[in-house]
Each structure stands twice: as structure tokens, then as C-alpha cells.
Amino acid sequence: MKIATFNINGVKARIEALLSWLDEARPDVVLLQEIKSTDETFPRELIEDKGYRVETHGQKGFNGVAILSRLPLEDVVRRLPGDEADEQSRWIEATVIGDRAVRVCGLYLPNGNPAPGPKYDYKLAWMARMERRVIELLATEEPLVFAGDYNVIPQAEDAAKPEAWTEDALFRPETRAAFRRLLNLGLTEAFRARVQGPGHYSFWDYQAQAWPRNNGIRIDHLLLSPQAADLMTDVQIDRDVRAGEKPSDHVPVWIELAA
DNA sequence: ATGGTCGATGGTCGA
């Protein structure tokens, strides 16, 4: 079971790039972020024509997440529990029925800039809510995959120029500590379980020629429960997608599970 | 040091 996360940065503007990547990468499951689309305006038919089920949790203008799956989906949950007043569409869950049942959670964690400030407070509160949901799901002892745009640079080696990020919401100590708390619950960060060292990025800004200069950061992650980590056979960043026609500023990251 | 690029929107804002 190949499971990918991809911040698409506007699914309507990116539909051709998305369809091409689906043909090339042939993922079984895709967790999309920043669809910037409502459920009604999501271009679902073009994706369904390729054999994918489509579950969306959209919002007008900003945010929005979705799950695409070639395998059956059950028990879709569309919001992160813990704050009924939160109107932002940043979380979607479903159980994928493959050889094994795998619970996938697609997340678009708040950016949090400028920090400090109310947006940063929202980010940290959202991470605390996510921690509570992870604890709930870990109790099921099922294979779990938490994949998405975390807006977290976990370590200095995950940025080409870490010194430029010291005051940023993506790299501040409180952000990284909250991310470590997730790992300390017993989750495995898929990429770092397999690949060590600097120079691996998943996002390059559109500005200041960040891509040709390889001025990137690694902020798109897949966190695995112990039962999912035991099934992982591969993990990759589809870096070449950033060089394509009209690309997102993020690229897909994926895992293969023996499930 | 400064300014730079996108997408959705239609009013600038979020990243």
C-alpha cells in the first residue's frame, strides 16, 4: 500500500500536475493539503476517472484537505476533535481497507506566523489537540499514519539555511518541542527512520529563486504508529515534481507499507 | 539589504 502526502497549493490550479503525478507515481492513497476549494468545486470527476475514491473536507479560499484512494475507505472523520469553534478545514481521517486495515489521518498544521502572536498561539493549541487525538487512536493498536504538511522543521539539518528560520513559527523551540512530544508518544517519523543527514527537502519557496538555489526545508512528514512502522518497506521524497510545469511549492512524500 | 511569487479572490490575505 503506497501512501503519499502532497500539499497541492490549490487543486484547481494544479489539476493537470496532480493527474500527471498520479499516473507516474500510482499511489494507492493520497492525503492532499491546501486544496483551496470547497467540497462542491473540487474537481472530483477527473480524479475518479483514474479509479480513485475522493473524500474532501474543503473550505472557501484557504486550507482544505482531502483523501484520494484506489482502495475502499471506511469511517471518514472530517475535523480534528477538541474545539467545536474551530472553523478551519485542516484534518481528515479514514480507514483504508487493503490486505490490512490502515487508519490514515491527513493534516494541514497551521503555519503560525507571525510568532509570537495569536496565529502562533493557534498553532500550538492545534498541536496540543492533535496530540490528544493521537493518544486516542494509539489506544486502538491499529496501524496508523499521520501524514501532511506539519509546518514544522524538525531539526537544523532539515533546512538549507537554518539560521534564516530561528525566529520563524516553523522552527521555534516551542514548535519543535511539540513535534517531539508527538514522536515521544511512540510515533516513528518515516523519512528519518530510513534516511540520515542534511539536504532532503519537501518545500521550496516560489520567491528568491529558492528552487534553483536548492534553498529548501523539510516540513511534510509521515508519522507512523508502531504497528504501521513495522509494515514500512520504503519512503521517498518525489523531489523532481518541483521541476515540473506550474508546480506546487511542496512535493509529494510517500511510504510503502506491506499492507 | 532589499524585495521577491503564487492562488483564490474580486475586498487583499495567507503562505
Worksheet entry | Verdict on A:Gln196 being on the phi > 0 side of the Ramachandran plot, at pLDDT 95 or above and open to solvent by 40 Å² or more (accessible area, probe 1.4 Å) | no
Worksheet item: Does the stretch A:99-143 hold any residues that are open to solvent by less than 40 Å² (accessible area, probe 1.4 Å), assigned to a loop (DSSP other than H, G, I, E, B) and away from DNA strand B (no atom under 16 Å from the Cβ), and which are they?
Response: A:Pro143
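Take the residues in the stretch A:84-98 that are within 16 Å of DNA strand B (Cβ to nearest atom) and not hydrophobic (A, V, I, L, M, F, W, C); name whichever of them is farthest from A:Ala178 (Cα to Cα).
So the residue we want is A:Glu87.
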Worksheet item: Going by the conditions given, is A:Ala169 small (Gly, Ala, Ser), within 15 Å of DNA strand B (Cβ to nearest atom) and either open to solvent by less than 30 Å² (accessible area, probe 1.4 Å) or not in a helix (DSSP H, G or I) (or both)?
Response: yes
Worksheet, complete the sentence: Condition set assigned to a helix (DSSP H, G or I) and within 12 Å of DNA strand B (Cβ to nearest atom), scope the stretch A:1-36, selection most open to solvent (accessible area, probe 1.4 Å): answer is A:Glu16
Item to complete: Please work out if A:Glu55 is part of a strand (DSSP E or B), open to solvent by 10 Å² or more (accessible area, probe 1.4 Å), at pLDDT 95 or above and at negative phi.
Response: yes
Discussion item. Report every pair of residues separated by at least 6 positions or lying on different chains whose Cβ atoms are under 6 Å apart, first residue within the stretch A:201-217 and in contact (Cβ under 8 Å) with a residue 60 or more places away in the chain, second of a type in the set (Phe, Trp, Tyr) and within 11 Å of DNA strand B (Cβ to nearest atom).
Written reply: A:Ile217/A:Phe203
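The values are calculated or read from the model by the stated rules, or taken from the named source; none is laboratory data. All values reported here derive from a predicted model rather than from experimental measurement. Ideal geometry is used to build each Cβ from the backbone, glycine not excepted, and the neighbour counts take in all protein chains shown. Ligands, DNA and RNA are stripped out before the accessible areas are found, and what is left, the full protein with its side chains, is counted by its heavy atoms. Shrake-Rupley method; radii C 1.70, N 1.55, O 1.52, S 1.80 Å.
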